[in-house]
Amino acid sequence: MRVHSKRARRAGRDPDEAPEITTQWVAQADLYHGKKRVRRGSSMKAPNLKRMPSLHSDAAAERFVAKADLTEYELSGLKPVRFEVEPKSAVLKPPRVPSKR
């Protein structure tokens, strides 16, 4: 049985891949004195972000992506969606079960 310690996982990280520390990132952090939280950080949501519009066609989505600055929109609620691109090669129909009368 393999056991992975936190120290072993930390040691394998590349320091160049660390996130950039920005003023916004620092403002969102909680301030602690020992184990006691002294100040709560600001909300994780950035203020004044626009809601994503409803896009009902591929053409509308392409126009939106071409023109819009996506950093102005709230993207945290988006979920991945999978589409079936090719039609099915066969249709499966379950056998008909006779009803009892």
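What follows is calculated from the coordinates using simple rules that are stated; it is not laboratory data. Because the structure is predicted, anything quoted here is derived from the model rather than measured. Note that each Cβ is placed from the backbone with ideal geometry, even for glycine, and that neighbours are counted across all protein chains shown.
See the values below:
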item: Distant-in-sequence amide H partners of residue 73 (H built 1.01 Å from N, under 5 Å); result: 50
item: GluC sites (Glu not before Pro) within region 48-87: DSSP coil, no more than 10 neighbouring Cβ in 10 Å; result: 84
item: Spin-label pair residue 35/residue 54, simplified geometry with 7 Å Cα→Cβ offset, distance in nm; result: 5.1 nm
item: Rg and Dmax of region 19-72, Cα atoms only, in Å; result: 18.0, 55
item: Calculated FRET efficiency for the pair residue 27/residue 85, C-beta based, R₀ 35 Å, to 0.05; result: 0.20
item: Lys, Arg +1 and Asp, Glu -1 on Cβ, resulting dipole of region 19-72 about Cα centre, debye, nearest 20; result: 540 debye
item: Descending semi-axes in whole angstrom, ellipsoid equivalent of region 52-96, from the Cα gyration tensor; result: 35, 14, 8
item: Integer Hz, Karplus 6.51/-1.76/1.60 couplings in order for region 70-84, x for Gly and Pro; result: 5, 6, 8, 10, 6, 10, 5, x, 6, 10, x, 10, 10, 10, 8
